[in-house]
Amino acid sequence: MTIESLSGLELRALVAARAVTGIVDATVTVRRKRGPNAMASTPDPGPAVTGPPAHIDGLPLRWRSGAPRTLQAALARAAAEPGRGLTYLQTGQAPLCQTYEQLRSAAGRIAAGLRLDGLPAGAPVILQTSDNRSFLTAFWACVVGGFVPLPVAVPPSYTRDSMVVRRLRHAWEQLGHPLVLTDDHLQERVAGLRRLWDVDDVRTASVDRLGDTPHELHHPVATDDTALFLLTSGSTGAPKIVRHTHQTLCAFLETTAQAHGLGPDQVTLNWMPLDHVGGIVMSHLRDVGLGCEQVIAGVDDFLGDPLRWLDWAHEYRATSTWAPNFAFSLVNRALQESSPERQNWDLSTLRFIGNGGEAVVAATAHRFLQLLAPYGLPPDAIRPVWGMSETSSGVVFSTLSGTDSGHGVVTVDKHTLTGQVREIAPTQRGATTLVEVGVPVPGVSVRIVDEKRAVLPEGWVGRLEVRGATVMPGYHGNTEANAVSYADGWFSTGDLALVRGGRLIITGREKDTLVIRGANYLCFEIEAVVGEVEGVLPTYAAACAEPSAAEGTDQLVVFCAVAPGHLAVADAVAHRVSAHVAKHIGLRPGRVIAVDAAEFRKTPSGKVQRGEMLADLYSGRLAHRELPADENTGDPEAPWLYEPVWQPLPAVREVPAPGVHVVLAAQPVVAHLRSDVRLPAVIGVSPGTRWSNNGDDYTVRPGDSDDLAALLADVRRRHGPIAGIVHGWTASPAPVAVAENLRLSAYTLCALLAAVEKASATDVRVLVVSRGAYWVRPGDRVSPCIATLEGLVRTASAERACERIRLVDLPPAAPRRIAEMIVTELTCADEAEVVAVRDNMRLTCRIRPLDSGAPATPGSALPMYLLAGGAGGIGIELARSLAADSAAVLLVTGRNPDGERLLRERVTGPAVIEYHVADVTDPTVLGDLVADAERRHGRRLTAVHQLAGADVIDHWRQPLAHTLTRETPEELTRMLRPKVYGTLALAEILNDRPQTLLVLCSSVIGHFGAVSFGGYAAANSFLRGFADYWGRELGRPVRYVAWSQWRDTGMNRDGDASAATRRGFRDIPPAHGVALLQEIVSGSAGHVLAGLDDHNERLTSDLDPQAYPRLEVVVRFADDAARPVDPARLHAAVHDRLGDDRITVRVERRSTGGRATARTSEASLSGAGESDGLVAGVIEAWRSVLGQSDIGPGDDFFEVGGTSLDAARLIDKINSGMGIRLSTHDLYENPTAGDLSRHIESVR
């Protein structure tokens, strides 16, 4: 089915939909969907090989003299050193210091109080506290009192069921209903569990009250006594309880101190939750064993502003810290978006940054090291780590390098990760980069085994097992789990891994657990929540994880089978699943795939086959079920880079409209048109120095709208209605002079459109005929000035400046053949805006995902870059990236006399950076500047980045003043000058530098046009034409990239990003934009469009049918409330009418009211009015965090797309703006803007 039949498809679907009883209104759109990648294949892993066994032993653990053998002894030794201790940080409050001596004393008093309350030695205690100081005091009270603490995360609410509440209850029941130790702030809330669980014996105690006990208790313990319980994930439905003794935990303290050379002079920083093994054991207990200073912050404060991590490290001169990979990704993103004033850190003391708790992504870690190198961060600071609760946290470590991206990583074919891996180059298809986690600490061993627990050779993926002094003795009260997990002293971790060169590499998880942002999520718990959603078939849900480059961590993927009768509205089911999981799990899925029950993978016994579901998705077998990405979920598989491709366009004939045709063309062409019987009347128009008329021939001044308006008025008066206008002055060989070339093309077309409006002739059709606007085939000659017509034609179509407008680019031909091709276009009924004729074939330009192909030649070891217009938004971002190369020289030019200061404040790095105030259109100044720099630095110019452009702020502010029919020649000149004459000036200085790469940064507006941005579109179309001329005609190195929109950067800093997003132009974070530009520059594609949303229905007609072979018809309907329409019946009616099983039909009911949710009662909305200012402030904060404008008082934060990270950012924004102290728990309890506003009033 061709693109040109899409309108007919829409019409047939619309007729079928409106014929269904109860339909009040319906609209239909058609989308194209990507097909599976036919080029991808699973490579042959080759014959099996043998090798050294995948077994690594750490060095022997040798206990140093005086090393503590119990946690009590470790705290006592630390308390003996006066002055050292902990500093607790909480945004909005002064730091709170507590020495180890004070901590031990306070813990002793609470322990005594617990004993007075009748708690026996060895009793388990669940910890639930509201802040870190209360938590650690309660924790150590249990340790010194001989009790066994179990830290559990504080749930969002104690009155509503959630995953955390369920885990809390499982632990409470497994431990025999133990005491819950909390504080005054939470004690009443925790007691509310009695009502939620319908039990009477939830016992609580407050550390605040117990702390008043007048004496201390320090109960003697033995090394093999249980010291700590930790809650971990299992596959049986209930979480397992890890049991550690004083012996295993003190072994961890001793071995990590030896492995890393740590001592009491350290200053450690931790913001991860203390109920996480990394927070309580790997950080806090290790540091107590060292007796060093600890700085402890809150995870919500970090999430609210990730750069606080760097602030804390700078202020307290931290030497050691850690976090999961997602945190590094958040910092990278925040660094790109922060102001230079914020970036004044000294991180030279930070020698050890553990990266663990989830998969380590090499690119994220390397970017972190590169971005922070200017602030003194050592290049080897990041230490990938592997461990788990069962091993006392991290027991395998390695090192990454900020200067050698190949150190500590290996790139393999991802298709071989089920057996013997095959190493390949990073640029090869199917490549995935894995990070070495290294070698075990002293006293620990690891090995890789197969299903029968036989040791595999190195280079084979298998099951990871571990043994050693830090490994737990077993799970508490779980004989079955212990029997499965242990064999011959080895513990089966549930991870998949391989050994390469004596170093461990983790490849994934075998167990039914997902690790996302450092937190464990049970698959079956997520699946149970999915099963609660209306429309999901019970027990037919699968929770999986896949890497997300954008987030720097894994993301959740949910598969669900929809119940009978719901498949037609599968998208609505999927959106409900997304919101429901976000609310009850605290994690929003990256993708939700709703399938038919027959497509859902289960074993004969009913076990969900999660891996097979992912395999089906990646193979394309479920591509027809993948739902469109909305503003909440995103589409992680959507490509970012595209390329143009010319496809055949069959001519669909129609009879020309009656009336006269006004033709601006050479006289021989006009003569041949007059001889064609299909055009009853042809008026010829020639360019001249004044307006004149001679019968059916006219002369007008090019670019003069008054002349052209007088022409149209006179033609209508003398000859009757005008059927069409042909602008064909650019069909002849282009003039050599740039100014004349532009006058006949861009300026005349703008004047012609203005004349059409002046003459009230907007009902005419305009055909623009060019020669040299496009390079389509080898041998084509391009005139970049003529290429400006594309942006103008596309914009005129968007602005509806006339009934229809089309650009047709012709090859060199005789006047008769030119006239024949013009008549063909005048009698074609298709709606193509751009057509090229080559070899007697009509072609049109489509887009498809870029196949980057082979990489280009590596860059220079001594690079020198010229950034023309580099003091603007994109230039600053690019300079930040290039400045990280110590060997680089950056020459930045611009018009801003303050540019040097801007660069100095916002760009830091070891590169040499020079700023010069220079006019980009002056080749003499630019040439002298470059020649002087080459002489001084002893190197040749490597690349030129053309970033210059005219400011478009006024176009955003006064759009009606800048439509093509109103645009002035002066404004058009301002738009064209930096890109046209600037590029020509840059090309002049490259004439004697044939190896220098020219990078032309453009806008997709040049390809698609945009209302009120016609001049800007024309300027960017020039860049596209020049890239074709420079690269394809002259064979010079060039990269042309047309960007969608960089977030709050450059030309988009004052624009409406949502309008561009609706048009199909994605919002590109600056850091991602720089990464994409680096990918483009290092690739071989010369013409790239970046940041398109290929699912947006407004781009459907621009997509290449071969790359998007599947069609989706979307029917949006409104029905009569008295006679509601069954969506399944509507789906069947449309599908039957189309009669083609290759077409997917999707129906969506349009809301007839506001977006208020079920929680939005009249009472709640009217109550919100009692404090309109407060509600407005809360709503504005929501809008800022979520990037949505249509938020109301009754909207539920999580149902409109909020995630747990968004929640942290929102609370941080409200706290800082209103001077209060809320937590994310307050948002979970009050999820609508109105509810949260009233809660704020109550606590002020």
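When the test is whether a residue is of a type in the set (Asp, Glu), under 20 Å from Ser732 (Cα atoms) and in a loop (DSSP other than H, G, I, E, B), Asp780 passes it. Here is the figure for the stretch 436-462: residues that are under 14 Å from Leu504 (Cα atoms) and in a loop (DSSP other than H, G, I, E, B) total 5.
Among the conditions (1) more than 19 Å from Val769 (Cα to Cα); (2) touching a residue at least 24 places away in the same chain (Cβ under 8 Å), the only one that Gly728 does not satisfy is (1).
When restricted to residues that are more than 11 Å from Arg1039 (Cα to Cα) and among the β-branched types (Val, Ile, Thr), the stretch 1065-1099 contains 2. Taking (1) at pLDDT 95 or above; (2) more than 23 Å from Thr399 (Cβ to Cβ); (3) out of contact with any strand residue (DSSP E or B) (no Cβ under 7 Å at 6 or more places or on another chain) in turn, Ser235 satisfies each apart from (1). Filter the stretch 402-420 down to the residues that are at pLDDT below 90 and closer than 27 Å to Ala259 by Cβ and list them by number. If the condition is that a residue be at pLDDT below 90 and closer than 27 Å to Ala259 by Cβ, then Gly402, Thr403, Asp404, Ser405, Gly406 are the ones that fit. Only one entry of Arg104, Arg115, Arg77 meets the criterion of being closer than 25 Å to Ala257 by Cβ and more than 47 Å from the chain's Cα centre (by Cα), and that entry is Arg77. Applying the criterion of being surrounded by fewer than 17 Cβ atoms within 10 Å (Cβ to Cβ) and in contact (Cβ under 8 Å) with a residue 12 or more places away in the chain to the residues of the stretch 13-28, the residue that is farthest from Pro1124 (Cα to Cα) is Val15. Residues of the stretch 884-915 that are farther than 19 Å from Thr996 by Cα and in a loop (DSSP other than H, G, I, E, B): Ala884, Ser886, Arg895, Asn896, Pro897, Asp898, Val907, Thr908, Gly909, Pro910, Ala911. If you go through the stretch 344-364 and keep only what is under 15 Å from Val437 (Cα atoms), of a type in the set (Val, Ile, Thr) and over 19 Å from the mean Cα position of the chain (by Cα), you end up with just Ile353.
Filtered by the rule that a residue be in contact with a strand residue (DSSP E or B) (Cβ under 9 Å, 6 or more places away or on another chain), under 20 Å from Asn1020 (Cβ atoms) and either of a type in the set (A, V, I, L, M, F, W, C) or part of a loop (DSSP other than H, G, I, E, B) (or both), the stretch 745-760 gives Leu749, Leu753. Going residue by residue through the stretch 892-899, is there one that turns out to be surrounded by fewer than 19 Cβ atoms within 10 Å (Cβ to Cβ), touching a residue at least 60 places away in the same chain (Cβ under 8 Å) and more than 28 Å from Arg674 (Cβ to Cβ)? Within the stretch 892-899, none of the residues are surrounded by fewer than 19 Cβ atoms within 10 Å (Cβ to Cβ), touching a residue at least 60 places away in the same chain (Cβ under 8 Å) and more than 28 Å from Arg674 (Cβ to Cβ).
Could you list all residues from the stretch 594-647 that are modelled with pLDDT under 60 and of a type in the set (Asp, Glu)? Across the stretch 594-647, the qualifying residues are Asp630, Glu631, Asp635, Glu637. Of the helices (runs of 4 or more DSSP H) lying entirely inside the stretch 219-308, those containing at least 1 residues that are over 31 Å from the mean Cα position of the chain (by Cα), surrounded by fewer than 20 Cβ atoms within 10 Å (Cβ to Cβ) and not small (Gly, Ala, Ser) are 246-260. Taking the stated definitions as given, is Arg62 at pLDDT 95 or above and of a type in the set (D, E, K, R)? Spelling it out, it is not the case that Arg62 is at pLDDT 95 or above and of a type in the set (D, E, K, R). Being modelled with pLDDT under 80 and either surrounded by 19 or more Cβ atoms within 10 Å (Cβ to Cβ) or in a strand (DSSP E or B) (or both) is true of Tyr521. Answer yes or no as to whether Val1113 is over 19 Å from Trp1043 (Cα atoms) and either of a type in the set (Val, Ile, Thr) or free of Cβ contacts under 8 Å to residues at least 12 places away in the same chain (or both). Here the answer is yes, as Val1113 does meet what is asked. Across the stretch 171-224, which residue is farthest from Tyr1228 (Cα to Cα) among those that are in contact (Cβ under 8 Å) with a residue 40 or more places away in the chain and of a type in the set (Gly, Ala, Ser)? My answer is Ala222. When the stretch 177-197 is limited to residues that are part of a loop (DSSP other than H, G, I, E, B) and within 43 Å of the chain's Cα centre (by Cα), the one that is surrounded by the fewest Cβ atoms within 10 Å (Cβ to Cβ) turns out to be Gly192. Filtered by the rule that a residue be within 38 Å of the chain's Cα centre (by Cα), outside any loop (DSSP other than H, G, I, E, B) and surrounded by fewer than 19 Cβ atoms within 10 Å (Cβ to Cβ), the stretch 927-957 gives Ile953, Asp954, Trp956, Arg957.
Within the stretch 437-454, is even one residue under 20 Å from Arg503 (Cβ atoms), modelled with pLDDT of 95 or more and among the basic types (Lys, Arg)? Yes, the stretch 437-454 contains at least one residue that is under 20 Å from Arg503 (Cβ atoms), modelled with pLDDT of 95 or more and among the basic types (Lys, Arg). Among the residues making up the stretch 790-836, none is among the basic types (Lys, Arg), closer than 18 Å to Gly1006 by Cβ and part of a loop (DSSP other than H, G, I, E, B). Which ones in the stretch 427-448 are in contact with an Asp or Glu (Cβ under 6 Å, 6 or more places away or on another chain) and buried (at least 20 other Cβ atoms within 10 Å of the Cβ)? Hit for the stretch 427-448 is Arg447, nothing else. Here Leu285 passes the criteria (1) within 20 Å of Leu231 (Cβ to Cβ); (2) in contact with a Phe, Trp or Tyr (Cβ under 7 Å, 6 or more places away or on another chain); (3) of a type in the set (A, V, I, L, M, F, W, C); (4) at pLDDT 95 or above except the one numbered (2). Total residues in the stretch 751-777 satisfying the condition of being closer than 12 Å to Ala709 by Cα and of a type outside the set (S, T, N, Q): the figure is 10. Screening Arg701, Arg653, Arg716 for residues that are out of contact with any helix residue (DSSP H, G or I) (no Cβ under 7 Å at 6 or more places or on another chain), farther than 30 Å from Ser1101 by Cα and either in the same structural domain as Tyr981 (by TED's automatic domain parsing) or not acidic (Asp, Glu) (or both) leaves exactly one candidate, Arg716.
Which one is nearest to Leu708 (Cα to Cα), of the residues in the stretch 736-750 that are surrounded by fewer than 23 Cβ atoms within 10 Å (Cβ to Cβ) and small (Gly, Ala, Ser)? My answer is Ala739.
Checking each residue in the stretch 310-326 for being more than 12 Å from Thr91 (Cβ to Cβ) and either free of Cβ contacts under 8 Å to residues at least 40 places away in the same chain or touching an Asp or Glu at 6+ places or on another chain (Cβ under 6 Å) (or both) picks out His314, Glu315, Pro324, Asn325. Among the residues making up the stretch 143-153, those that are touching a strand residue (DSSP E or B) at 6+ places or on another chain (Cβ under 9 Å) and assigned to a loop (DSSP other than H, G, I, E, B) are Phe147, Val152, Ala153.
The values are calculated or read from the model by the stated rules, or taken from the named source; none is laboratory data. No experiment lies behind these values; they were computed from the predicted model shown. Methodologically, a virtual Cβ is constructed for each residue, glycine included, from the backbone with ideal geometry; neighbour enumeration extends over all protein chains shown.
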